[in-house]
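All remarks here apply to the structure that follows.
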Amino acid sequence: MGAQAVSEGTRMVVSARSFADFTPQASFPIKKCDLHRLEEGPSDEALLTREQGLQYYRTMQTVRRMELKADQLYKQKIIRGFCHLYDGQEACAMGIEAGINPTDHLITAYRAHGYTFTRGVAVREILAELTGRRGGVAKGKGGSMHMYAKNFYGGNGIVGAQVPLGAGVALACQYQGNNQVCVTLYGDGAANQGQIFESFNMAALWKLPCIFICENNKFGMGTSVERSSASTDYYKRGDYIPGLKVDGMDVLCVREAIRFAADYCRAGKGPIVMELETYRYHGHSMSDPGVSYRTREEIQEVRTKNDPISMLKERMLSNNMSSVEELKEIDLEIRKVIEDAAQYAISDPEPSLDELCNHIYARDPPMEVRGTNPWVKLKSVS
Amino acid sequence: MASLRSFLQCNFDILRKTFVILFVNVRDALNQAMDEELERDERVFLLGEEVAQYDGAYKVSRGLWKKYGDKRIIDTPITEMGFAGIAVGAAFAGLRPICEFMTWNFSMQAIDQVINSAAKTYYMSAGFQTVPIVFRGPNGSSAGVAAQHSQCFAAWYGHCPGLKVVSPWNSEDARGLLKAAIRDDNPVVFLENEMMYGVPFELSEEMMHKDFVIPIGKAKVERQGTHITLVSHSRCVGFCLDAAAVLAKEGVECEVVNLRTIRPLDVDTIEASVMKTGNLVTVEGGWPQYGVGAEICARIMEGPAFNYLDAPAVRVTGVDIPMPYAKILEDHSVPQIKDIIFSVKKVLNM
């Protein structure tokens with residue numbers, strides 16, 4: 001991982017000739033995936049167009065800036081409760097989204113802001129949900145861990161519970177014969193959960209189109225993988241299910257791997273397991289400084305040698321696919337988007353108290369809900 | 001001779017057809033309800049242990065796999081947490097699963113999926129994500145199955161907002177409520193009773209109609225009375241009616257209310273009855289502490305019916321112990337008809 005991948009990646013293999021200022025596309029060698037029960041893996045070369053490069057850069061940078069803004073707002077006590085930040089792992093969310101269709105499905109755990117964005121929710125709706133305002137994607141009723149969108153099933157607070165749910169979504173895809181897949185994410189901490197193995201079993205038995213992905217950021221809260229897992233080969237933990245181990249800091253690696261996995265599932269071969277090796281810069285959550293179980297040097301090393309956004313930027317710059325100025329321009333645009341979104345998230349009003357008891361039942365007539373005492377009768381509508 | 005024979009045959013057919021329609025046991029009522037709903041909506045499917053090729057551990061799903069096949073009637077491994085979660089995920093993505101727990105005792109392995117993944121999601125998503133799922137299976141005590149297989153979960157699930165919790169007594173309840181549950185867009189916990197599966201009840205032609213549904217959240221007054229209200233659910237409703245028949249001979253007329261739904265609780269029907277009779281005894285199979293009866297009594301205390309009570313409301317419940325095995329012990333662990341009669345007389349100061 002790390003330094004080797006960066007220098008390999010910046011070496012241009014194929015370049016299309018162009019009269020324009022920038023190179024329209026280039027092919028990059030990417031790290032080969034370790035394979036489990038697979039004869040062949042994803043391609044060891046990825047084609048990146050200038051357009052894609054800019055899009056990936058913009059998306060990853062937006063997620064990065066959004067998470068840093070959330071950090072800021074949390075320290076100002078404008079965001080409260082749980083806040084699990086995704087900075088460092090952007091290549092996972094971006095690579096996955098780049099390799100699947102909007103009609104495919106995705107479910108993850110609580111470190112979900114990045115996926116909420118890549119699945120189509122605007123930054124302002126995410127930040128406003130974090131600040132608990134009515135303009136939040138869940139009207140302020142869900143919070144950090146409970147944001148939903150079309151074909152995105154959250155945001156789930158209970159470690160591991162999202163994995164059977166994802167297998168269920170895949171079952172629905174198979175049942176409906178729509179050729180869609182479900183990407184089901186979990187972390188290295190969740191990887192030992194029994195219900196995950198129950199899901200593996202049923203997914204394999206019934207050949208569900210489910211891509212199980214372990215985002216291995218090396219720590220489950222404060223517990224390193226070595227201290228939690230008898231086997232840290234998470235891509236092999238599916239046993240009878242084929243698996244691949246992917247460089248989760250390289251957006252192109254992730255993209256090629258997910259394309260491979262999605263093709264596998266769509267071909268009716270059943271589920272597949274992927275392990276994305278990645279890293280989180282923040283602690284487990286905002287209440288964890290993140291340095292009691294790892295060194296500041298380690299964090300710094302990843303930032304300098306293995307940052308996913310820097311890696312993409314270097315590739316594009318050294319292949320003349322963009323310029324420092326253009327990327328800076330994009331950074332400024334993103335900064336503005338984030339600032340506007342933060343402004344919105346701070347100034348939007350909190351939900352009305354009338355909302356308190358709504359959304360208990362779907363498609364039901366209005367009903368009464370008991371308040372904190374017998375004289376308070378509140379109204380609930382669907 | 002031929003015409004006589006055909007005359008007899010014709011009438012015999014009518015009689016037989018009428019007989020079959022009129023008496024249906026709870027098991028068959030559930031079976032027919034599922035069959036009709038599977039036919040009506042192709043998004044409906046059933047999964048659980050032994051539901052397909054075994055015809056159901058208690059034969060409730062008999063014949064369904066033969067008719068609908070592997071796609072819609074799915075045998076699962078013995079992995080409740082996994083398959084309950086899979087069922088909820090399928091509901092997220094547009095299907096309408098019926099998830100069977102072989103008994104509700106095993107739901108404890110999956111309770112996180114029922115509560116945190118199913119019940120709360122519509123609220124957490126502010127109305128974005130519906131969860132049209134039915135969890136069903138036998139609940140409460142059976143006969144000789146001992147402590148780990150005899151718990152009543154009405155109070156546990158009835159505690160949670162976002163769930164509908166239904167507890168049918170007879171075949172009409174079973175049929176109408178299961179159809180309603182399957183058609184409901186919310187997660188429904190459907191608590192059956194194994195001892196009731198084989199009990200036949202009369203079903204009218206109207207009840208046999210394929211769109212016959214009983215509204216969830218509405219109790220039924222099974223027997224009109226004037227002196228005291230008995231509120232119950234599931235199998236104990238039958239005991240209340242039996243007790244009422246005995247008490248009637250002594251001039252005590254009991255009004256028997258069949259809750260049908262645990263959550264949302266039909267307080268209005270209970271209150272109206274208590275305001276009429278002035279006395280209340282709740283009857284349930286589950287444990288007393290923090291139970292269904294406790295909730296009903298609390299609600300009566302807090303509402304207008306309190307002023308009509310001539311005596312404190314009391315509860316008849318299962319004994320506050322894990323269920324023993326020996327028959328004599330088991331018989332004395334659950335409310336019997338004599339316990340109901342005794343409590344009524346105590347409340348009425350007889």
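Which residues, counting only those in the range B:95-106, are under 15 Å from residue B:30 (Cα atoms) and either buried (at least 24 other Cβ atoms within 10 Å of the Cβ) or at pLDDT below 95 (or both)?
B:98, B:99, B:100, B:101
Exactly one condition in (1) touching a residue at least 24 places away in the same chain (Cβ under 8 Å); (2) at positive phi; (3) within 11 Å of another protein chain (Cβ to nearest Cβ) is false for residue B:127; which is it?
(1) is the only condition that residue B:127 fails.
Just the residues that are surrounded by fewer than 18 Cβ atoms within 10 Å (Cβ to Cβ), in contact with a helix residue (DSSP H, G or I) (Cβ under 8 Å, 6 or more places away or on another chain) and without any contact (Cβ under 8 Å) to a residue 60 or more places away in the chain, please, taken from the range B:279-293.
Matches in the range B:279-293: B:288 only.
Does residue B:37 fit the bill of being closer than 20 Å to residue B:192 by Cα, out of contact with any helix residue (DSSP H, G or I) (no Cβ under 9 Å at 6 or more places or on another chain), assigned by the TED database to the domain that holds residue B:190 and open to solvent by less than 50 Å² (accessible area, probe 1.4 Å)?
no
Just give me the residues in the range B:332-343 being open to solvent by less than 40 Å² (accessible area, probe 1.4 Å) and either assigned to a loop (DSSP other than H, G, I, E, B) or closer than 15 Å to residue B:237 by Cβ (or both), in sequence order.
Hits for the range B:332-343 are B:333, B:334, B:335, B:340.
If a residue has to be open to solvent by 20 Å² or more (accessible area, probe 1.4 Å) and among the β-branched types (Val, Ile, Thr) to count, how many in the range B:263-278 make the cut?
Counting residues in the range B:263-278 that are open to solvent by 20 Å² or more (accessible area, probe 1.4 Å) and among the β-branched types (Val, Ile, Thr) gives 2.
Taking the condition of being open to solvent by 30 Å² or more (accessible area, probe 1.4 Å) and over 10 Å from residue B:262 (Cα atoms), how many residues in the range B:153-166 meet it?
Summing the residues that are open to solvent by 30 Å² or more (accessible area, probe 1.4 Å) and over 10 Å from residue B:262 (Cα atoms) in the range B:153-166 gives 2.
Would a scan of the range A:40-55 turn up a residue that is basic (Lys, Arg), away from chain B (no Cβ under 14 Å), more than 29 Å from residue A:350 (Cβ to Cβ) and in a loop (DSSP other than H, G, I, E, B)?
The answer is no, given that none of the residues of the range A:40-55 is basic (Lys, Arg), away from chain B (no Cβ under 14 Å), more than 29 Å from residue A:350 (Cβ to Cβ) and in a loop (DSSP other than H, G, I, E, B).
So that you can scan it fast, the table gives a plain yes or no per residue for (1) assigned to a helix (DSSP H, G or I); (2) within 14 Å of another protein chain (Cβ to nearest Cβ); (3) not aliphatic (A, V, I, L, M):
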{"position": "A:297", "(1), (2), (3)": "yes, no, yes"}
{"position": "A:302", "(1), (2), (3)": "yes, no, no"}
{"position": "A:311", "(1), (2), (3)": "yes, no, no"}
{"position": "A:333", "(1), (2), (3)": "yes, no, yes"}
{"position": "A:344", "(1), (2), (3)": "yes, no, yes"}
{"position": "A:349", "(1), (2), (3)": "no, no, yes"}
{"position": "A:360", "(1), (2), (3)": "no, yes, no"}
{"position": "A:363", "(1), (2), (3)": "no, yes, yes"}
{"position": "A:382", "(1), (2), (3)": "no, yes, yes"}
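Of everything in the range B:45-57, what is surrounded by fewer than 21 Cβ atoms within 10 Å (Cβ to Cβ) and either under 19 Å from the mean Cα position of the chain (by Cα) or in a strand (DSSP E or B) (or both)? Give them in sequence order.
Passing the criteria: only B:57.
Collect the residues in the range A:365-380 that are β-branched (Val, Ile, Thr) and either on the phi > 0 side of the Ramachandran plot or not in a loop (DSSP other than H, G, I, E, B) (or both), keeping them in residue-number order.
Passing the criteria: only A:369.
Checking residue A:177 against (1) in contact (Cβ under 8 Å) with a residue 12 or more places away in the chain; (2) on the phi > 0 side of the Ramachandran plot, which single condition isn't satisfied?
Single failed check for residue A:177: (1).
Is it true that some residue in the range A:200-212 is more than 14 Å from chain B (Cβ to nearest Cβ) and either under 30 Å from residue A:291 (Cβ atoms) or assigned to a helix (DSSP H, G or I) (or both)?
Scanning the range A:200-212 turns up no residue that is more than 14 Å from chain B (Cβ to nearest Cβ) and either under 30 Å from residue A:291 (Cβ atoms) or assigned to a helix (DSSP H, G or I) (or both).
Conditions tested, residue by residue: (1) within 14 Å of another protein chain (Cβ to nearest Cβ); (2) at pLDDT 95 or above; (3) within 18 Å of residue A:199 (Cα to Cα); (4) open to solvent by 10 Å² or more (accessible area, probe 1.4 Å).
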{"residue": "B:13", "(1), (2), (3), (4)": "no, no, no, yes"}
{"residue": "B:18", "(1), (2), (3), (4)": "no, no, no, yes"}
{"residue": "B:21", "(1), (2), (3), (4)": "no, no, no, yes"}
{"residue": "B:30", "(1), (2), (3), (4)": "no, yes, no, no"}
{"residue": "B:33", "(1), (2), (3), (4)": "no, yes, no, no"}
{"residue": "B:93", "(1), (2), (3), (4)": "yes, yes, yes, yes"}
{"residue": "B:109", "(1), (2), (3), (4)": "yes, yes, yes, yes"}
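Residues that are more than 8 Å from every other protein chain (Cβ to nearest Cβ), surrounded by fewer than 24 Cβ atoms within 10 Å (Cβ to Cβ) and over 16 Å from residue A:217 (Cα atoms): does the range A:106-117 have at least one?
no
When only residues in the range A:176-228 that are touching a strand residue (DSSP E or B) at 6+ places or on another chain (Cβ under 6 Å) and among the acidic types (Asp, Glu) count, which is nearest to residue A:257 (Cα to Cα)?
If we take residues in the range A:176-228 being touching a strand residue (DSSP E or B) at 6+ places or on another chain (Cβ under 6 Å) and among the acidic types (Asp, Glu), then A:215 is nearest to residue A:257 (Cα to Cα).
Anything in the range A:150-160 that is in contact (Cβ under 8 Å) with a residue 24 or more places away in the chain, surrounded by fewer than 24 Cβ atoms within 10 Å (Cβ to Cβ) and within 8 Å of chain B (Cβ to nearest Cβ)? List them, or say none.
The one that is in contact (Cβ under 8 Å) with a residue 24 or more places away in the chain, surrounded by fewer than 24 Cβ atoms within 10 Å (Cβ to Cβ) and within 8 Å of chain B (Cβ to nearest Cβ): A:157.
Only residues that are open to solvent by 10 Å² or more (accessible area, probe 1.4 Å) and more than 20 Å from the chain's Cα centre (by Cα): list them for the range B:127-147, please.
Answer for the range B:127-147, where residues must be open to solvent by 10 Å² or more (accessible area, probe 1.4 Å) and more than 20 Å from the chain's Cα centre (by Cα): B:127, B:128, B:129, B:130, B:144, B:146, B:147.
Among all residue pairs at least 6 apart or on different chains, which show Cβ distances below 7 Å where the first residue, located in the range B:238-254, is modelled with pLDDT of 95 or more and the second is of a type in the set (Phe, Trp, Tyr)?
Filtered contacts from the range B:238-254: B:238/B:169.
Looking at the range B:111-123, which of the residues that are in contact with a helix residue (DSSP H, G or I) (Cβ under 8 Å, 6 or more places away or on another chain) and within 9 Å of chain A (Cβ to nearest Cβ) is surrounded by the fewest Cβ atoms within 10 Å (Cβ to Cβ)?
In this case the residue turns out to be B:112.
Which one of these does residue B:245 not meet: (1) within 14 Å of another protein chain (Cβ to nearest Cβ); (2) surrounded by fewer than 16 Cβ atoms within 10 Å (Cβ to Cβ); (3) of a type in the set (A, V, I, L, M, F, W, C)?
(1)
Quick one: which of A:270, A:283 is touching a Pro at 6+ places or on another chain (Cβ under 9 Å), small (Gly, Ala, Ser) and closer than 30 Å to residue A:69 by Cα?
Step by step, each of A:270, A:283 is checked, and only A:283 is touching a Pro at 6+ places or on another chain (Cβ under 9 Å), small (Gly, Ala, Ser) and closer than 30 Å to residue A:69 by Cα.
Which one of the conditions (1) within 14 Å of chain A (Cβ to nearest Cβ); (2) under 14 Å from residue B:155 (Cα atoms); (3) open to solvent by 80 Å² or more (accessible area, probe 1.4 Å) does residue B:302 fail to meet, given that it meets all the rest?
(2)
On the given criteria, is residue A:348 surrounded by 14 or more Cβ atoms within 10 Å (Cβ to Cβ) and more than 30 Å from residue A:290 (Cα to Cα)?
The answer is yes for residue A:348.
So which of B:98, B:74, B:78, B:86 is among the aliphatic types (A, V, I, L, M), assigned to a strand (DSSP E or B), in the same structural domain as residue B:185 (by the TED database) and over 19 Å from the mean Cα position of the chain (by Cα)?
B:74 is the lone residue from the list that is among the aliphatic types (A, V, I, L, M), assigned to a strand (DSSP E or B), in the same structural domain as residue B:185 (by the TED database) and over 19 Å from the mean Cα position of the chain (by Cα).
So which of A:180, A:174 ends up being assigned to a loop (DSSP other than H, G, I, E, B), at pLDDT 95 or above and more than 8 Å from chain B (Cβ to nearest Cβ)?
A:180
The values are calculated or read from the model by the stated rules, or taken from the named source; none is laboratory data. If you're wondering where the values come from, they're calculated on a predicted model, not measured in any experiment. Glycine gets a Cβ as well: all are built from the backbone with ideal geometry, and neighbour counts include every protein chain shown. SASA here: full protein model, heavy atoms, side chains in, ligands and nucleic acids out. Shrake-Rupley method; radii C 1.70, N 1.55, O 1.52, S 1.80 Å.
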